[in-house]
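Everything below concerns the one structure shown next.
Please treat every number below as a calculation from the coordinates, not as lab data. These numbers were taken from a predicted model, which means no experiment stands behind them. Neighbour counts run over all protein chains shown; Cβ positions are idealised from the backbone, glycine included.
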Amino acid sequence: MKKMLQGACIAIGCTIFTLISGCQSSPLLEDNYYKDFSSTSPLEQKYSQRGHHNVSYAEYNSDNPSIKTISVWYPQDLDSNDKRYPMIMVVNASNTKASTYKPFFVRLASWGFIVVGTEVEQAGAGKTTSVALNFMLKNSALHDRIDTANIGVIGYSQGGAGAIRAVTEYSNSSTFKTIFTGSAAYATLAKNMGWEYNIAKVNIPYFMTAGTGSSDDTGVKDTSREFGGVAPLSSLVKNYDGISSNVFKVRARVVGAEHWQMMTLTDGYMTAWMLYQLQSDKDAASVFIGDKAELLTNKKWQDVKKNAPSR
């Protein structure tokens, strides 16, 4: 019976991942998609929009057949100064390529980050993220412009599992300073799909999110025996509790959000997290730090829990 349920879990999971990723060749986001977002919480609204940097683009061919192309968006002023910039690696959701959601990368880079995407459509193992990171640090034309002390990773859905594995399973995993995930596939689903991760290995600040909609949380009680959605509340609780209390960690869910909405509906606080962690932005930090953290009072979010940061 258990094997049958695991098989059903795989089948249902594959169906949902296919539905949420849509047509691979069609753009998933319009150029100014973020302008439709509105929040009464001022910092969420601020960081959901563009930053003040104009953005340039570079592209590199990869010998890895899954990666195909490494695409890089970066602040335009990098071309006229000698500063180093923090870098963010983005791990794709299932059957999704960076070329289908370019506006996401442009907006994030406008906040002063080098942002890296690939054409990988099955990124759950995290291996291709590790390979792309090595390329950026050793072989890309921007290798000497990267602030190697401030590198983060973000991942959505299958890519959430891939991001967790990227920071825990590879020789360059210690390069990462922080991680954000949007609806990372829950542990049983990830294992059945071949993306098994060990959450206890995460030792860097982690902001984990999911939606309250039924595509993320079906409401079943035993997600090891029945499909629980892609990222049920129980998975956030388990992942949060499975990380050492010495690590700064935050979990929260977007009220009413379905799985496929998580990229756009978490933009503001994902950006704030990266600005706080990689640029030491004090305003962005106030989203997460202290008893009056904005995240705690934002009615768009629930099931919030955080511990005290170590720094």
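In this label model, Gln302 and Glu169 are separated by 3.3 nm, measuring between points 7 Å along each Cα→Cβ vector. Measuring against 25 Å, Cα to Cα, the residue pairs Lys46/Lys282; Lys83/Lys292; Lys282/Lys306; Lys97/Lys306 contain Lys83/Lys292; Lys97/Lys306 as the ones spanning a longer distance.
Just how large is the dipole of the chain about the Cα centre, in debye to the nearest 20, putting +1 at every Lys and Arg Cβ and -1 at every Asp and Glu Cβ? Approximately 720 debye in magnitude. Within a straight-line Cα-Cα reach of under 20 Å, Lys300 can be paired with the following aspartates and glutamates, leaving aside sequence neighbours fewer than 8 residues apart in one chain: Asp36, Glu44, Asp216, Asp217, Glu258, Asp267, Asp283, Asp291. For the range 83-150 and the range 244-274, what is the centre-to-centre distance using only Cα atoms, to the nearest Å? Cα centroid to Cα centroid, the span is 19 Å.
List, in the order given, every pair from Lys201/Lys305; Lys102/Lys191; Lys35/Lys127 whose Cα-Cα distance in the structure shown is over 25 Å.
Pairs exceeding 25 Å: Lys102/Lys191; Lys35/Lys127.
Put simply, when 30-40, 104-114 are sorted by average Cβ atoms within 10 angstrom per residue, most first, you get 104-114, 30-40.
Here is the list for the range 179-260: trypsin sites (Lys or Arg not before Pro) lying in DSSP coil, each with at most 11 other C-beta atoms within 10 angstrom of its C-beta, are Lys221.
Placing one identical point scatterer on every Cα of the chain and ignoring solvent, what is log10 I(q)/I(0) from the Debye formula at q = 0.07, 0.12, 0.15 Å⁻¹? These q points yield log10 I(q)/I(0) values of -0.24, -0.73, -1.20.
Under a Cβ-only charge scheme (Lys and Arg +1, Asp and Glu -1), can you give me the dipole magnitude of the range 167-303 about the Cα centre, in debye to the nearest 20?
200
Grab the beta carbon distance between Ser280 and Asp63, set R0 = 30 Å, and tell me the FRET efficiency rounded to 0.05.
According to the calculation, E is roughly 0.25.
Which one, Ile199, Pro65, Asn139, projects farthest toward the positive side of the charge dipole computed for the chain from Cβ point charges (K/R +1, D/E -1)? Of the listed residues, the answer is Ile199.
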